[in-house]
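Below is one structure; the comments refer to it alone.
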Amino acid sequence: HTIPLFIDSKTLPLNFLYYESVCRLMYDVNNRTAPENILDLFSRTSDVHSYSTRSTSSQNFYVKESRLNAQKNAFSRIGAHSWNRIPSCLRTLTKNSFKRKLKEILLDLLETENSYINVLAIASKIENYDLDHLEMVYYSL
């Protein structure tokens with residue numbers, strides 16, 4: 001298998017690179033530094049409805065529902081879904097720290113999983129990532 005080679009070289013496989021790129025762009029969307037046409041693809045859950053939920057209080061992006069697989073795999077849905085699952089302690093980091101910590105976590109996930117997983121599975125794993133470990137990584141800046 002090639003996973004040990006990826007881990008040894010601190011390089012991510014293609015599906016992990018895609019997830020990393022989506023999250024990095026979503027970081028810019030969250031901070032309103034992405035290009036305007038990309039910003040237009042996203043809206044906050046709090047902008048869609050007025051009642052208070054965990055999703056609105058955590059400043060999550062609204063994930064549009066779709067019946068078509070082509071739409072389910074669109075960047076506007078994958079990006080919002082991925083960003084909403086990132087723990088808030090990562091979201092508040094500076095951009096360079098965010099990129100570095102995200103890559104560390106993805107490499108750790110790759111080593112832990114020891115298999116290739118799809119983007120939505122990566123998002124789930126990030127959401128359920130060991131918070132004690134995440135805090136240890138976060139405070140080691």
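The values are calculated or read from the model by the stated rules, or taken from the named source; none is laboratory data. Bear in mind that the values here come from a model prediction, so they are computed numbers and not experimental data. For neighbour counting, all protein chains shown are included, and Cβ atoms are generated from backbone atoms with ideal geometry for every residue, glycine included. Accessible surface areas use protein heavy atoms only, side chains included; no ligands, DNA or RNA. Shrake-Rupley method; radii C 1.70, N 1.55, O 1.52, S 1.80 Å.
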Top-ranked residue in the stretch 14-51 [being part of a helix (DSSP H, G or I), of a type in the set (S, T, N, Q) and at pLDDT 90 or above; ranked as farthest from residue 123 (Cα to Cα)]:
37
For residue 66, state whether it is at pLDDT below 90 and in contact with a Ser or Thr (Cβ under 6 Å, 6 or more places away or on another chain).
no
Counting only residues that are open to solvent by 80 Å² or more (accessible area, probe 1.4 Å) and in a helix (DSSP H, G or I), which one in the stretch 96-119 is nearest to residue 2 (Cα to Cα)?
111
Would you mind stating whether residue 133 is at pLDDT below 75, over 18 Å from the mean Cα position of the chain (by Cα) and open to solvent by less than 70 Å² (accessible area, probe 1.4 Å)?
no
